[in-house]
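The values are calculated or read from the model by the stated rules, or taken from the named source; none is laboratory data. This structure is a prediction, so every number in the text was calculated from the model and none was measured. So basically every Cβ, Gly included, is an ideal-geometry build from the backbone, and we count neighbours across all protein chains shown. Ligands, DNA and RNA are excluded from the accessible area calculation, which covers all protein heavy atoms including side chains. Shrake-Rupley method; radii C 1.70, N 1.55, O 1.52, S 1.80 Å.
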Amino acid sequence: MPDPIEVRKVPIESVTDASGLSRLIADGVIEADRVLAVVGKTEGNGGVNDYTRILADRAFREVLAEHGHPAPESVPLVWSGGTDGILSPHATIFATTADAPATDEPRLSVGVAMSEVILPEDIGRPAMVEKVAAGVREAMKIAGIDDPRDVHYVQTKTPLLTLATITDAKNRGQDTAIEETGPSMDLSNSTTALGIAVALGEIEMPGADQIHKDLSLYSSVASCSSGVELDRAQIVLVGNVRGIGGRYRIGHSVMKDALDADGIWEAIKDAGLALPDRPHPSDLGGRLVNVFMKCEADPSGQVRGRRNIMLDDSDVHWHRQIKAAVGGVAASVTGDPAVFVSVAAVHQGPSGGGPVAAIADLGER
C-alpha cells in the first residue's frame, strides 16, 4: 500500500518565486524529501520560448535542495505556461505524509513515472503513444491502482520539436512528423493523450493516420503539456485507493464545451463534496484544493451555435483566447482565479471541450 498524500496549492508571486513551497516545508506541513510532484501555472506566453517554465522549475528545485531533498532533479515539475485573462500563477504540491487519518473510503493516491526517451521522430507517431502508455501503466502500479476507473487525472509533460531536435533527427537519417515548432506543442500533447487513453483502456491502439486527426478518440482524464525542458514524458497519475487513508479525494468529469460550468461542478461532486442542485462558490466551504482542466477552441468555430473568430484571429493566438475564456468560467465556479487551465486539448476530452479533475479536502473540520 502506498503512503497517503498531502496536497496543497500555493501562489507564485513572481517568475522565480517558490516561497510558498518553502513555507510549507518550514511550517512542517510537508517534508521536502516526501515531495512527489508539482503541477503549476507560470505567467509566460505558453509558447515554445516560454522560459518562465524553466525559471519556475529552477526555483522550486532549489528550494527542495535547500531543505534536504536527496534528488530534487528527479521530482516531476509539470509547468503549464500562460495565465491569460484572470488566471493566477500558482503551484499544486503533492507529497506523501506519515500523518494522515485512517479511513476505508477512497482517498488520493499519486504515482509518478518517466517514460523512455521520446525521440523527435517519435512525436506524432505510434512510437510515442506506446512509450507514454508504458509509462502510465508504471505510474498506476506505483499509485497502487489496479482498476483504470480509479484513475481520475493524468498530468504529463512531454518534449516538443525545436529546430535543434528536428536537425538532430535529420542528421541521424530520420524525419519528423512535422517541421513547425509551434504546432508541435499541440501534436505532442495529442499523441500523449492517446497513450494515456490506450493505457487506461479508453481506446484501442490508434493507427498513425488517426493521431491528431480522429477527434472521436480521446481520454477523459488526460491533461497533457509540452515544453523544451525535457526529453521524456513526465507522468503524474492521480486516483483514489481504498484503505490508503488521508483527507483528500479526486474526481473527474468533462466540459462539453467552453461554457460548460456544469462539467466543472460534476467533477467537484465526483470528488466527494455534497452540493445543492444549483451550487455557488460559497457552498465549497474552503474544501476545494484545486481544479485541473484542458481546453480547446472548437474546430467548428462556434460555441453553442454562435460564431467566434478565435481560429481566424491573426493578432492574438487562439491558445491565449480560449485559455482566458475557460479560466473565467472555472474561476466563476471556484471563486478563485488560481485554477489550472491548459490549452491544446486534442484527444483530451470531447472536441471543443476538455477533461476536468477536482481535488477536495474531506477531512474533519
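If R0 is 30 Å, what FRET efficiency do you get for residue 172 and residue 142 from their C-beta distance, rounded to 0.05? Display every interim value, and only then the final one.
Values: r = 33 Å, r/R0 = 1.09.
That gives a FRET efficiency of 0.40.
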Practice prompt. Place a label point 7 angstrom from the Cα of residue 16 along the Cα-to-Cβ direction, then list the residues of segment 78-113 whose backbone nitrogen is under 18 Å away.
Written response: none
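If you roll a 1.4 Å probe over the heavy atoms of the protein chains, what accessible area per residue do you get for the chain, in Å²? Let's see the in-between values first.
Numbers: 14780 Å² over 365 residues.
Ligands and nucleic acids excluded, the result is 41 Å² per residue.
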Worksheet item: What ranking, highest mean first, results for peptides 37-50, 232-245 when packing means the other Cβ atoms within 10 Å averaged over each residue?
Response: 232-245, 37-50
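Mind putting a number on the dipole of segment 199-257 about its Cα centre? Charges go on the C-beta only, +1 for Lys and Arg and -1 for Asp and Glu, and I need it in Debye to the nearest 20. Display every interim value, and only then the final one.
On the way: 6 positive and 7 negative charges, 101 e Å.
That gives a dipole near 480 debye.
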Practice prompt. Write down, largest first, the equivalent ellipsoid semi-axes of segment 5-96 in whole Å, where each equals the square root of 5 times an eigenvalue of the alpha-carbon gyration tensor.
Written response: 22, 13, 11
Practice prompt. Using a 1.4 Å probe over the heavy atoms of the protein chains, calculate the carbon and sulfur portion of the accessible area of the chain as a whole percent.
Written response: 47 percent
Worksheet item: So for segment 255-343, what percent of the C-alpha to C-alpha distances run longer than 20 Å?
Response: 37 percent
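Kindly work out what percent of the DSSP beta bridges joining two residues of segment 13-172 are antiparallel, to the nearest 5.
55 percent
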Item to complete: For the chain, just run the numbers: alpha carbon Rg, then divide by 2.2 N^0.38 Å, N being how many residues it has.
Response: 0.92
Fill in: Charge-dipole axis of segment 107-239 as Lys and Arg at +1 and Asp and Glu at -1 on Cβ define it, positive-most pick from 182, 143, 159
143
Response to the item:
Sorted largest first, the C-alpha extents of segment 161-319 along its principal axes in whole angstrom are 58, 45, 29
Discussion item. Need the full-extension length gain, residue 127 to residue 179, defined as separation in residues times 0.36 nm minus the C-alpha distance. One decimal, nm.
Written reply: 16.9 nm
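When DSSP beta bridges are limited to those with both residues in segment 107-239, what percentage is antiparallel, rounded to the nearest 5?
Working: 13 of 19 bridges.
Percent antiparallel among DSSP bridges in segment 107-239 is about 70.
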Worksheet item: Summing +1 for each Lys or Arg and -1 for each Asp or Glu, what net charge is found among the other residues whose Cβ lies under 9 Å from the Cβ of residue 342?
Response: +3
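Stretched out fully, how many nm does the piece from residue 86 to residue 269 gain, at 0.36 nm a residue minus the Cα gap?
Details: separation 183, 0.36 × 183 = 65.88 nm, distance 2.44 nm.
Separation in residues times 0.36 nm, less the Cα-Cα distance, equals 63.4 nm.
Report the relative contact order of the chain, percent, no decimals, based on alpha-carbon pairs under 8 angstrom and at least 6 residues apart.
Values: 924 pairs, mean separation 79.1, N = 365.
Across the chain, relative contact order equals 22 percent.
What does the charge dipole of the chain about its Cα centre add up to, to the nearest 20 debye, if the Cβ of each Lys and Arg holds +1 and the Cβ of each Asp and Glu holds -1? Spell out each step's value before the answer.
Numbers: 33 positive and 51 negative charges, 86 e Å.
So the magnitude is around 420 debye.
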Item to complete: Determine, for each peptide in 321-327, 187-193, 51-57, the mean count of other beta carbons within 10 angstrom over its residues, then list the peptides with the highest first.
Response: 187-193, 321-327, 51-57
Worksheet, complete the sentence: One finds, for residue 282 and residue 364 with R0 = 25 angstrom and r their Cβ-Cβ distance, a FRET efficiency to the nearest 0.05 of 0.75
Practice prompt. Could you check what % of the DSSP bridge pairs in the chain are antiparallel, to the nearest 5?
Written response: 75 percent
Fill in: Gain on full stretching of the segment that runs from residue 315 to residue 302 - 0.36 nm per residue minus C-alpha separation
2.8 nm
Worksheet, complete the sentence: Expected sort for 3-11, 295-303, 88-96 on mean C-beta neighbours within 10 Å, highest first, is 88-96, 3-11, 295-303
Practice prompt. Straight distance only, please: which aspartates and glutamates reach the Cα of residue 170 with their own Cα at less than 18 Å, same-chain residues fewer than 8 apart left out?
Written response: 121, 122, 179, 180, 231
Worksheet item: Between Rg and the Kirkwood Rh of segment 105-192, both from Cα atoms, what is the Rg to Rh ratio?
Response: 1.08
Discussion item. Please compute the Kirkwood hydrodynamic radius over segment 253-300, one decimal place, Å, based on all pairs of different Cα atoms.
Written reply: 11.8 Å
